[in-house]
Amino acid sequence: MELQLQPLNLPSDQERAFIIAGPCSAETEEQVMTTAKQLAGKGCHIFRAGVWKPRTKPGGFEGHGEPALKWMADVKQETGMLTATEVATPEHVELALKYGIDILWIGARTTANPFAVQAIADALQGTDIPVLVKNPVNPDLELWIGALLRINGAGVQKLGVIHRGFSSYEKKLYRNDPMWQIPIELKRRLPQLPIVCDPSHISGRRDLIASFCQQAMDLAFDGLIIESHCNPDKAWSDASQQVTPEVLDFIVSRLTFRDTSEHTDRLKDLRIEIDELDNELINLLAKRMKICRSIGEYKKENGMTIVQKNRYSEILDKRAAQGSLLGIDMQCVKSIFEHIHEESIRQQMEIINR
Ligand code: PEP
Ligand code: MN
């Protein structure tokens, strides 16, 4: 199945990226309008606010629902900004459309549930509103793509994604693990799909937002969605990760937007070199596997086990140390050899069980 896409055509604040900004939640009429006016004053074109808030535990602020949609409509009227909000049920979709919301997003908890996504898709049938699909809370690329296919299947072609990182059990420096390889793989598979980074939910901390924004720009993301509140410390949800419109403007003004065009000759040459090396790497790996298969034959003839633990640790340690001397991270070398080892075991298993 393939996606049928149309460009989002969202207004961009900067040469390259479009920026969606606004509070985590629409709390009061005043907070929404004050924040929106400040953001508009800084040149923002797209205003976000959560009207329905999925909370981990009951008892938190779950959003005002319909009355807050009216505040969003007022923002559009007063500032000319486009508005965006999260939808999680068909009723949300219906109400958001009724109040003229311009962009919808599907939250991470919702993307993880195909029943919920299908119900939203059914409600979107016949509309052409842009929809941004956040990654599911768990690092499952297929589930993310599945959600896109469902929404696209309803005829919505102005589609994009939001990378907001992945939940994990361990507590780390920041809130969600970005696992950049997942959005990068998504970009490889669906190069036409616009991809937006949500540094607020990845970091969970306002002091880390700038660096995640820059990383996203360096990886050629198309846009950013950043939580911004007129009084962040008093926010009713996600207080620690929100920044004032003033700070947001400062962060955005300091971003470096790198050239994403593919034309520079120097780059072309370097890529040719890389391609050659990759070619050699694969050929070398194939040679290595061939030897592993001979070892497999030998082990079979002599009734030996495939995995010989000491040998495996020796390879990992030796190569990790060598890699580190050559400026490659030890963990990286170890994980490369773990994958190589896994494949050689698979090939030896085939021989032994033949
Ligand atoms: C949000 O954008 O405020 C939100 C609830 O995000 P997520 O779905 O990424 O947790
Ligand atoms: Mn939030």
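The values are calculated or read from the model by the stated rules, or taken from the named source; none is laboratory data. Keep in mind that this is a model prediction, so the values were computed, not measured. For neighbour counting, all protein chains shown are included, and Cβ atoms are generated from backbone atoms with ideal geometry for every residue, glycine included. Keep in mind that these areas ignore ligands, DNA and RNA; they rest on the heavy atoms of the full protein, side chains included. Shrake-Rupley method; radii C 1.70, N 1.55, O 1.52, S 1.80 Å.
For this structure, a couple of remarks:
- Over all pairs of different C-alpha atoms, region 269-338 has a mean inverse distance whose reciprocal, the Kirkwood radius, equals 14.2 Å.
- Viscosity 1.002 mPa s, 20 °C: Kirkwood-radius Stokes-Einstein D of region 23-166 over Cα pairs, µm²/s: 140 µm²/s
- Pair Thr305, Lys234: separation of 7 Å Cα→Cβ label points (nm): 6.6 nm
- For the chain, the solvent-accessible area with a 1.4 angstrom probe is 53 square angstrom per residue.
- Each residue, Thr89 and Arg254, gets one label point 7 Å from its Cα in the Cβ direction; the gap between the two is 4.2 nm.
- Taking a Cβ cut-off of under 11 Å around Trp180, the surrounding Lys, Arg, Asp and Glu residues balance to a net charge of -2, with basic ones at +1 and acidic ones at -1.
- For the chain, the pair-distance distribution built from all alpha carbon pairs, in bins 20 Å wide starting at 0, is 26, 47, 23, 4, 0 percent.
- Think of each Lys and Arg Cβ as +1 and each Asp and Glu Cβ as -1; about the Cα centre, that makes the dipole of region 15-152 roughly 300 debye.
- Label point at Glu78 placed 7 Å out along Cα→Cβ; residues across region 43-61 whose backbone nitrogen lies under 20 Å: 43-52
- Cβ-based charge dipole, the chain, positive-most Cα from Thr110, Gln6, Met349: Met349
- Percent accessible area from carbon and sulfur atoms, the chain, protein chains only, probe 1.4 Å: 53 percent
- Checked against a 26 Å cut-off, the cross-linked pairs Lys98/Lys158; Lys57/Lys187; Lys287/Lys309; Lys158/Lys234 give Cα-Cα distances beyond that limit for Lys57/Lys187; Lys158/Lys234.
- Computed lengthening from Ala286 to Ile184, 0.36 nm per intervening residue step minus Cα-Cα distance: 34.1 nm
- Calculated P(r) tail over 24 Å for region 1-101, as whole % of Cα pairs: 27 percent
- Positive-end extreme of charge dipole, the chain - chosen from Asn135, Val161, Ile19 (charges on Cβ): Asn135
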